[in-house]
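First up is the structure itself, then whatever we jot down about it.
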Amino acid sequence: QVQLVESGGGLVQAGGSLRLSCAASGRTFSRYAMGWYRQSPGKEREFVAAISGNGGITYYADSVKGRFTISRDTAKNTVYLRMNNLKPEDTAAYYCTTGTTAQALSLNGGDDWGQGTLVTVSS
């Protein structure tokens, strides 16, 4: 059974930075793509970023391109989301997910999800 545990959320001022982490267990980490989604109150969950199993392919939502960077550390079974120049509209619960390809994750999300970590950006 796959387990995904997110961490790193918190309160930050606009223009600040955070790095989210998602520790994965229960499967061969390097074989699967990993991704991040977010959900704000009253809104649907939306795609943020995804990365392929070998880390060579990445996808980003237009709203975060140039500000967010997804990466992964196979030795630690962990995927990261570095978020720079944060804006109040980035406030959301951020969820980690895993799937077969990064492209598929960018479209539909995966079958497994973490419990989420809350990011709040104050203006």
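The values are calculated or read from the model by the stated rules, or taken from the named source; none is laboratory data. This one's a predicted model, so the numbers in the text were calculated from it and none came from an experiment. Glycine gets a Cβ as well: all are built from the backbone with ideal geometry, and neighbour counts include every protein chain shown. Accessible surface areas use protein heavy atoms only, side chains included; no ligands, DNA or RNA. Shrake-Rupley method; radii C 1.70, N 1.55, O 1.52, S 1.80 Å.
Among the listed residues I57, I70, which satisfies the condition of being open to solvent by 50 Å² or more (accessible area, probe 1.4 Å), at pLDDT 95 or above and farther than 14 Å from G109 by Cβ? Reasoning before the result, please.
Numbers: I70 fails: open to solvent by 50 Å² or more (accessible area, probe 1.4 Å).
Answer to the selection: I57.
Just checking, which of V64, V121 is without any contact (Cβ under 8 Å) to a residue 40 or more places away in the chain and either part of a strand (DSSP E or B) or crowded, with 18+ Cβ neighbours inside 10 Å (or both)?
Numbers: V121 fails: without any contact (Cβ under 8 Å) to a residue 40 or more places away in the chain.
Exactly one of V64, V121 is without any contact (Cβ under 8 Å) to a residue 40 or more places away in the chain and either part of a strand (DSSP E or B) or crowded, with 18+ Cβ neighbours inside 10 Å (or both), namely V64.
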(message) Looking only at region 17-42, how many residues end up being modelled with pLDDT under 95 and either touching a helix residue (DSSP H, G or I) at 6+ places or on another chain (Cβ under 9 Å) or not in a strand (DSSP E or B) (or both)?
(response) 9
